[in-house]
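First the structure, in the form of structure tokens, and then the observations on it.
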Amino acid sequence: MPAEQSAPVADEPPQRPRKGRRAWDEAPRWQIYLPLGIYLVFTLVPFYWILLFALRPTGSTSLVPWPMTFEHFDKVWNDRSFGTYFENSVYVGLATLFMTTLVALAGGYALARFDFRIKRAFMLALLCSQFVPGALLLVPLFQIFAELQMINSLGSVIIAETVFQLPLSMILISGFIRNVPYTLEEAAWVDGCNRFTGFRVVVLPLLRPGLIAVGSFAFVHSWNHFLFALMFLSNQEKQTIPVGLNSLMSADSVDLGALAAGGIVAAVPVVIVFAFIQKWLITGFSAGAVKG
Amino acid sequence: MAQAAAVAKQPAPPRRRRGSATPRRLPYLLIAPAGLLMLGFIAYPVLSVFYYSLQHYNPTKPWRNGYAGFDNFTRIFTEDPQFWDTLVFSAKWVVVEVGLQLLFGLALALIVNQTFVGRSLGRAMVFSPWAVSGVLTSAIWVLLYNSQTGITRYLADMGIGEYGTSWLSDTSTVFPAAVVADLWRGVPFFAILILADLQSVSKDLYEAAEVDGAGRLRQFLHITLPHLKDAIILSTLLRAVWEFNNVDLLYTLTGGGPAGETTTLPLYIANTSVDAHNFGYASALTTVAFVILLFCSMVYLRLSKFGVGGDK
């Protein structure tokens with residue numbers, strides 16, 4: 001939101017040829033490109049490295065992936081059952097996305113638009129839950145899911161991922177809803193909408209960027225997260241991508257080509273999601289979270 | 001910030017309502033799904049961890065199971081040097097990681113906040129490791145640090161270092177090696193948070209400062225930094241807790257080794273419960289870690305003044 005507002009405004013008053021630079025946002029070019037270039041190398045070399053290992057034949061030490069081979073991908077996808085893992089991860093990711101968004105939307109609306117008795121306590125609980133480490137709760141969570149007969153079912157991972165995504169998602173979404181003027185909703189009621197249709201017709205469309213940011217966040221997190229799947233899913237058929245990747249790493253003789261190919265399979269969906277949302281991410285954060 | 005606050009300050013929702021049938025119960029109905037999920041899968045497990053911390057509980061040694069009183073805690077503080085080692089390493093890990101991430105993240109955010117050719121592509125590229133998981137980060141850096149075909153080999157080709165060294169299995173290099181791997185992914189996240197806040201600094205302030213003859217360093221110190229203060233406090237503390245809790249990266253990158261050199265407290269707890277099956281003791285360790293984190297969270301609440309005034 002403030003991104004557009006802050007940009008234009010005052011016509012530049014014709015100043016004398018200035019001695020210093022003008023504002024902070026007009027540093028000399030080299031002060032931008034040099035550090036950025038160095039940082040870019042640090043960022044991209046690891047990505048290049050994994051691509052290199054995935055595409056060059058085993059045993060090659062060439063620094064360019066030529067001649068190119070897809071044997072590693074073939075091996076990982078078929079022999080190491082990354083195809084199955086991929087499917088499971090997509091399933092977990094999408095289910096977490098929908099559950100998190102839906103539940104957080106309902107809760108976020110309540111937090112943004114109502115005063116109710118336990119609101120302050122609830123907000124505090126949301127915040128405190130940020131300090132509960134998922135890894136430290138593995139044993140009791142395992143027991144709960146065993147009790148519910150959900151060990152070895154993707155449902156256990158979906159629930160666990162959703163629960164740990166919820167607090168932050170809800171705080172973000174309630175921030176977005178607060179940014180939608182309440183009078184818009186009231187106007188809809190005057191026009192004969194009830195609370196639900198008013199919300200659906202007036203508020204929901206305005207929330208779209210925020211919801212996309214929150215949903216992608218949930219997807220990326222559950223796609224990447226490793227511990228719950230490792231602990232709750234002992235059946236290989238049910239495993240997700242990060243677990244498969246870990247098993248490639250802890251094998252006695254690490255097959256570097258397979259590891260690299262598996263890594264790329266793991267990265268592709270999140271990179272696509274990321275490319276798609278990164279514009280909204282920054283505005284989303286500034287609207288929802290940092291404001292506090 | 002100022003603009004955002006102005007937008008948020010709307011008249012309080014009026015008490016009279018049209019449309020909805022049961023307005024009094026509606027907010028409770030709306031938070032019920034989230035509340036129940038969190039009660040069942042966060043609150044209850046936390047309580048059961050407290051319960052088990054007072055028990056001897058090890059499925060492989062059932063004859064010892066039963067009420068333990070504070071035995072587990074006494075053992076942690078008096079007979080378990082590994083606890084102290086892992087705690088010290090956790091502290092070192094968090095301080096170094098968060099400190100460096102803040103430094104580089106701030107610098108990166110300031111750079112990509114400027115207008116330059118190719119900015120959005122540049123942003124997308126430097127931010128991209130954020131999306132990469134701990135496990136994938138480990139996989140990538142395992143490839144880079146590999147003793148046979150990793151970066152050391154090519155460095156050795158250029159006459160730097162020796163052939164066949166692996167930075168991950170040497171106690172003197174494993175810490176910096178792990179730190180760099182985690183920075184690769186952590187800095188972009190920090191930079192995104194700070195950049196989000198940077199965008200709301202009013203340009204007028206800089207122009208006014210310019211007229212008054214303030215140089216860029218002074219503009220940074222007196223305008224940018226104070227403006228970012230809240231965001232920095234917030235993200236630093238969140239990040240610290242997150243770095244403390246996260247086990248994905250170290251678990252897969254070093255497995256806590258070599259020789260326990262990179263075992264954080266949560267990693268030690270995971271090993272104690274999952275590998276050694278000593279649930280009672282692991283629960284006591286968890287409780288101690290939880291108290292430490294609770295302390296952190298109270299500091300966090302203080303500093304960020306969350307929920308104090310402002311929000312209706």
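The values are calculated or read from the model by the stated rules, or taken from the named source; none is laboratory data. Note that the structure is a prediction, hence the values are computed from the model and not measured. We place every Cβ from the backbone using ideal geometry, glycine too, and count neighbours over all the protein chains shown. Please note that ligands, DNA and RNA were not included when accessible areas were found on the heavy atoms of the full protein model with its side chains. Shrake-Rupley method; radii C 1.70, N 1.55, O 1.52, S 1.80 Å.
Couple of notes before you dig in:
- Residue in segment A:193-204 that is closer than 29 Å to A:Leu111 by Cα, within 10 Å of chain B (Cβ to nearest Cβ), surrounded by fewer than 21 Cβ atoms within 10 Å (Cβ to Cβ) and of a type in the set (S, T, N, Q) present: yes
- Number of residues in segment A:145-168 that are facing another protein chain (nearest Cβ under 9 Å) and surrounded by 23 or more Cβ atoms within 10 Å (Cβ to Cβ): the value is 6.
- Among the residues of segment A:228-245, the ones that are open to solvent by 20 Å² or more (accessible area, probe 1.4 Å) and either in contact with a helix residue (DSSP H, G or I) (Cβ under 9 Å, 6 or more places away or on another chain) or facing another protein chain (nearest Cβ under 9 Å) (or both) come to 5 in all.
- Subset tally (residues that are more than 10 Å from chain A (Cβ to nearest Cβ) and either under 20 Å from A:Phe122 (Cβ atoms) or at pLDDT below 80 (or both)) for segment B:266-307: 5
- For segment B:132-176, a residue qualifies if it is of a type in the set (A, V, I, L, M), assigned to a helix (DSSP H, G or I) and modelled with pLDDT under 80, and the qualifying residues are B:Ile151, B:Leu155, B:Ala156.
- Some residue of segment A:15-31 being open to solvent by 50 Å² or more (accessible area, probe 1.4 Å), assigned to a helix (DSSP H, G or I), at pLDDT 75 or above and facing chain B (nearest Cβ under 10 Å): yes
- Residue within segment B:99-106 that is free of Cβ contacts under 8 Å to residues at least 12 places away in the same chain, within 14 Å of another protein chain (Cβ to nearest Cβ) and either touching a Gly at 6+ places or on another chain (Cβ under 9 Å) or crowded, with 22+ Cβ neighbours inside 10 Å (or both) present: no
- When B:Ser138, B:Ser90 are checked against the criterion of being touching a residue at least 12 places away in the same chain (Cβ under 8 Å), more than 27 Å from A:Leu36 (Cα to Cα) and open to solvent by less than 30 Å² (accessible area, probe 1.4 Å), B:Ser90 stands alone in meeting it.
- No other residue among A:Thr162, A:Thr197, A:Thr183 is out of contact with any Pro (no Cβ under 9 Å at 6 or more places or on another chain) and more than 30 Å from B:Asn271 (Cβ to Cβ) apart from A:Thr197.
- One residue from A:Thr61, A:Thr43 being in a helix (DSSP H, G or I), in contact with a Ser or Thr (Cβ under 8 Å, 6 or more places away or on another chain) and within 12 Å of chain B (Cβ to nearest Cβ): A:Thr43
- Criterion: within 9 Å of another protein chain (Cβ to nearest Cβ) and either modelled with pLDDT of 90 or more or within 30 Å of B:Phe73 (Cβ to Cβ) (or both) - qualifying residue of B:Gly35, B:Gly19: B:Gly35
- Only one of the listed residues (A:Leu55, A:Leu105, A:Leu111, A:Leu97) is more than 28 Å from B:Leu183 (Cβ to Cβ), at pLDDT 85 or above, more than 10 Å from chain B (Cβ to nearest Cβ) and crowded, with 20+ Cβ neighbours inside 10 Å. That residue is A:Leu97.
- Looking only at segment A:213-226, and only at residues there that are among the aliphatic types (A, V, I, L, M) and at pLDDT 85 or above, the one that is surrounded by the fewest Cβ atoms within 10 Å (Cβ to Cβ): A:Val220
- In this entry, A:Phe142 passes the filter for residues that are more than 22 Å from the chain's Cα centre (by Cα), within 25 Å of A:Tyr85 (Cα to Cα) and open to solvent by 30 Å² or more (accessible area, probe 1.4 Å).
- Any helices (runs of 4 or more DSSP H) falling wholly within segment B:177-256 and containing at least 3 residues that are of a type outside the set (Gly, Ala, Ser), open to solvent by less than 50 Å² (accessible area, probe 1.4 Å) and more than 9 Å from every other protein chain (Cβ to nearest Cβ): B:225-245
- Only a single item in (1) free of Cβ contacts under 8 Å to residues at least 60 places away in the same chain; (2) within 11 Å of another protein chain (Cβ to nearest Cβ) is not met by B:Thr165, and it is number (2).
- Subset of segment B:219-253 (residues that are touching a helix residue (DSSP H, G or I) at 6+ places or on another chain (Cβ under 9 Å) and of a type in the set (Lys, Arg)): B:Arg239
- A count restricted to segment A:71-87 and to residues that are open to solvent by 20 Å² or more (accessible area, probe 1.4 Å) and touching a residue at least 24 places away in the same chain (Cβ under 8 Å) stands at 8.
- Matching residues in segment A:126-139 - criterion: being surrounded by fewer than 22 Cβ atoms within 10 Å (Cβ to Cβ), free of Cβ contacts under 8 Å to residues at least 40 places away in the same chain and part of a helix (DSSP H, G or I): A:Cys128, A:Ser129
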